[in-house]
1. Ordering Arg172, Arg249 from largest to smallest accessible area (1.4 angstrom probe), what's the sequence?
2. Starting from 0.36 nm per residue, how many nanometres of slack lie between Arg283 and Glu230 once their C-alpha separation is accounted for?
3. For the chain, which span is the longest to avoid every loop-located (per DSSP) member of GluC sites (Glu not before Pro) having at most 13 other Cβ atoms inside 10 Å?
4. Could I have the simple spin-label model distance between Glu173 and Arg9, label points 7 Å from Cα toward Cβ, reported in nm to one decimal?
5. What Kirkwood hydrodynamic radius, in Å, does the chain give when the mean of 1/r is taken over all pairs of distinct Cα atoms and then inverted?
6. Rounded to the nearest Å, what's the spacing between the alpha carbon centres of segment 1-50 and segment 109-134? Just the number, please.
7. How many nm is it between the label spots at Trp312 and Ser190, if each spot is 7 Å from the Cα in line with the beta carbon?
8. With every protein chain left in place, what is the accessible area per residue of segment 228-315 in square angstrom, probe 1.4 Å?
Amino acid sequence: MRQSEPWRRMVRETRLTLDSLIYPMFVVPGRAVKHPIGSMPGIDQLSVDEAVKEARAVATTGVPAVLLFAAPAHKDAKASSALDPNGLASQAISAIKDACPNLLVWADVCLCGSTDHGHCGHVLPKGAIDNDSSVETLAQVALNYARAGADAVAPSDMMDGRIGAMRTLLDREGLSTTPIVSYAAKYASSFYGPFREAAESTPAFGDRRSYQMDPANAREALREVLLDVEEGADLVMVKPAGPYLDIIRQVRDAVNLPVVAYQVSGEFSLIKAAAERGWIDERAAALETLTGIKRAGADLIITYFAPKMAQWLAG
């Protein structure tokens, strides 16, 4: 049954489709801004007007959703830009929904892009993260994004209790139908480097190992996921994807919710860099890695290859 392509298609166990893909986008201040990200060939920082153009192009490919990250100009210790109901992220959400009503817009909820210290929560005087005050702020940010029209809010901060706080606030404010996509098992990974250039969110000091997960731990991931399910998450995510296929499988077996996996910037950039040097075939490598993530148990995959996949899957 491997002897011809028709046979191989007929008995193929894992199907990679456009319906399962989400495309990340990075929004920055200004107009007519389309700034290439050096470490992520083909990906740009975009002003809101350019993000609308990009979203329209993504929608025409058949990719059903985008995930928005905002890098505002003003950064301070209180994450004021993220708390502004008319801030950069909210502007982008509203503009894209107006232009592309059928394109789902997921909004990443975190403080790192809006704080002057680059951490995902509020920082105490001695450098520790203040979990509880961070959760209050994150819930308000999620509410702002939902009010702006986000089809889902996606908290990526890894603070304890933030899913329950967001669900309670969204429900109380009449937004009970807004799903929460929880970055439930987010590891302190070396594969985030290019993203931090794109999102302008590199920590000013220390690292994020006190709140993101130790790459050596698997049982802890299941505990984190199940806690978020109990608090009201609608979808749960494993991030990164490629180095954590075993975690994706364990999460898939443990929950009945949709499982999302994020093929992160470093995974993307490795493939792009090797392909540019002629060492691997970009299309084949992208298809193989995404198929592997799907085979491991992911229902949905966030990937920078999403628009290209429309062309590659059609071929």
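The values are calculated or read from the model by the stated rules, or taken from the named source; none is laboratory data. Just so we're clear, the structure is a prediction, and the values are computed from it rather than from any experiment. Glycine gets a Cβ as well: all are built from the backbone with ideal geometry, and neighbour counts include every protein chain shown. When the accessible area is computed, the model is the full protein with side chains, heavy atoms only, and any ligands, DNA or RNA have been set aside. Shrake-Rupley method; radii C 1.70, N 1.55, O 1.52, S 1.80 Å.
1. On the way: Arg172 165, Arg249 90 Å².
Sorted by accessible area, descending: Arg172, Arg249.
2. Working: separation 53, 0.36 × 53 = 19.08 nm, distance 3.91 nm.
Result for the pair: 15.2 nm of gain on full extension.
3. Values: sites that count: Glu13, Glu173.
Excluding the exposed sites themselves, the longest stretch runs over 14-172.
4. Spacing of the two 7 Å Cα→Cβ label points: 4.8 nm.
5. On the way: mean 1/r = 0.0507 Å⁻¹.
Taking every pair of different Cα atoms in the chain, averaging 1/r and inverting gives 19.7 Å.
6. For segment 1-50 versus segment 109-134, the Cα centre distance is 31 Å.
7. Those two pseudo-labels are separated by 2.4 nm.
8. Working: 3600 Å² over 88 residues.
Per-residue value: 41 Å².
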